[in-house]
Structure formats: C-alpha cells, structure tokens
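Peer 1: Dropping the structure in here first, questions after.
The values are calculated or read from the model by the stated rules, or taken from the named source; none is laboratory data. What you see is a predicted model; the values in this text were computed from it and never measured. Virtual Cβ from ideal backbone geometry, glycine too; neighbours counted across all protein chains shown. The area values use the complete protein model at the heavy-atom level, side chains included, leaving out ligands, DNA and RNA. Shrake-Rupley method; radii C 1.70, N 1.55, O 1.52, S 1.80 Å.
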Amino acid sequence: MPASRFRFDVSSACSAFQIETIGTKVIASEDFRSLLWLALGAHDPSRDRKPGQHYIVLPREANATVSAGVGRRRPDPARYVLRCHRGRVSAYLQRGCAEAVESVAVVVYTREAYLADPDVLADHAEAARIGSEVTHVVVAVLASAGPPSPLTPFRLVANLAGGNNEALEWTADEIRTKARESAAYADAWDVVAD
C-alpha cells in the first residue's frame, strides 16, 4: 500500500501526541508522521510476530522529532511530578530530565488487528471511535535513551493477563527473559512527564 494511502489514527492509550504527555513525546508531528509513512511503506508484514501488529524502527532522523520518554532515576524528589495515568497516580521525572534520544520505534497496528486487541474489545467506545477509513492505529511511540526499553513491569503483567494477543505466543523462556529485562530497566530508568 503506498504511503499516501495510509490513514492513521492514534490509540486512546497513546499520549505521545498530546501537549501534556507521560513518556515519549512527539515534538515535530509533521516530520514524525512523514518518516513513519515512509517506514510503514517499507515494512515487511511477514516479519510481524502477530499479523497486523507492526514494530517499526524509524531512521535516525526521527530522533529529533521526539523527546525521550525516560531519564535516569534520580534520588532528588524535587525532580519528580505526580501525574494520573490510566487511573493511577504515580511519580514521574520532569520532562527536563529526559535523556537524549538514541532510537525511535513505533508500534502500529492495522485497523483489523487493533479492533481485535483484547483491550480494545473491552472498550466499546474506543472501538467505535476508530472510523472505517482508518488503515492503521499508532499504539505506542518508543523513543529510547540508552538501551531500548522493555515492557514496564505493569504492561508485562497486563499483557500476560490477556491484554495483548502477541503475549499468547511467548514461551516460558521468553517470559522469564522479558521479566528480567523489565526489572533491571526499572531499577535504572524512570518515565518522564510534562
């Protein structure tokens, strides 16, 4: 499908395009979207672990279009802000503590894969919001600083509890590896917020 024929929407769970954002923030939307269209056009869907669930690494030029979603953990409480995210109040590093972006990836689902996602199936309003003209839904924008971030402990457990169709394919060894990576990352890095 040529890039000009893509019609994107953004998942209601993805805050990367909002003015006040928790995690990765898109700061140059037009440039970001252009790079995403090109990368999606070049994406080989036969490499997707689950059909329609694309993990797309953007070219280095995309690094300047986003603010990283993480910073190194700090012992100074004054560097943190309290924010409510998905119904939970948590402490986040201030946006100014975000580290330099080293890579950007985007999780993009086809419309069909998005509407079949367990979280969307449970959210009738979100499913109804996705119009029939939409071809793809941006589920997450992942700007890494340092090593690419694994799933957060919360997201890992939510996926294992049925929150993502891909998790059904994970082996026990993969789950243990993901859990070790998640725990080690959470010990060194914190999510940033505006």
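Peer 1: Within the stretch 91-104, does at least one residue satisfy the condition of being more than 17 Å from SER11 (Cα to Cα), open to solvent by 40 Å² or more (accessible area, probe 1.4 Å), part of a loop (DSSP other than H, G, I, E, B) and touching a Cys at 6+ places or on another chain (Cβ under 9 Å)?
Peer 2: No.
Peer 1: Identify, please: which residue in the stretch 43-72 is small (Gly, Ala, Ser) and at pLDDT below 95 and is, among those, nearest to ASN159 (Cα to Cα)?
Peer 2: GLY69
Peer 1: Hey, can you tell me all the residues within the stretch 22-45 that are over 30 Å from LEU168 (Cβ atoms), under 16 Å from the mean Cα position of the chain (by Cα) and in a loop (DSSP other than H, G, I, E, B)?
Peer 2: Result: ILE27, single match.
Peer 1: Also, I was wondering about something else. Exactly one of these conditions fails for ARG180: (1) surrounded by fewer than 16 Cβ atoms within 10 Å (Cβ to Cβ); (2) under 16 Å from the mean Cα position of the chain (by Cα). Give me its number.
Peer 2: All conditions pass for ARG180, except number (2).
Peer 1: Just one of VAL139, VAL134 is under 28 Å from GLY71 (Cβ atoms) and surrounded by 14 or more Cβ atoms within 10 Å (Cβ to Cβ); which is it?
Peer 2: One residue alone meets the criteria, VAL139.
Peer 1: Could you tell me whether any residue of the stretch 81-90 is closer than 15 Å to SER144 by Cβ and open to solvent by less than 80 Å² (accessible area, probe 1.4 Å)?
Peer 2: no
Peer 1: Cβ-Cβ distance below 7 Å, separation of 6 or more or different chains: which pairs start in the stretch 46-74 with a residue that is open to solvent by less than 20 Å² (accessible area, probe 1.4 Å) and assigned to a helix (DSSP H, G or I) and end on one that is of a type in the set (Phe, Trp, Tyr) and modelled with pLDDT of 95 or more?
Peer 2: These pairs meet every condition: ALA62/PHE32; THR65/PHE32.
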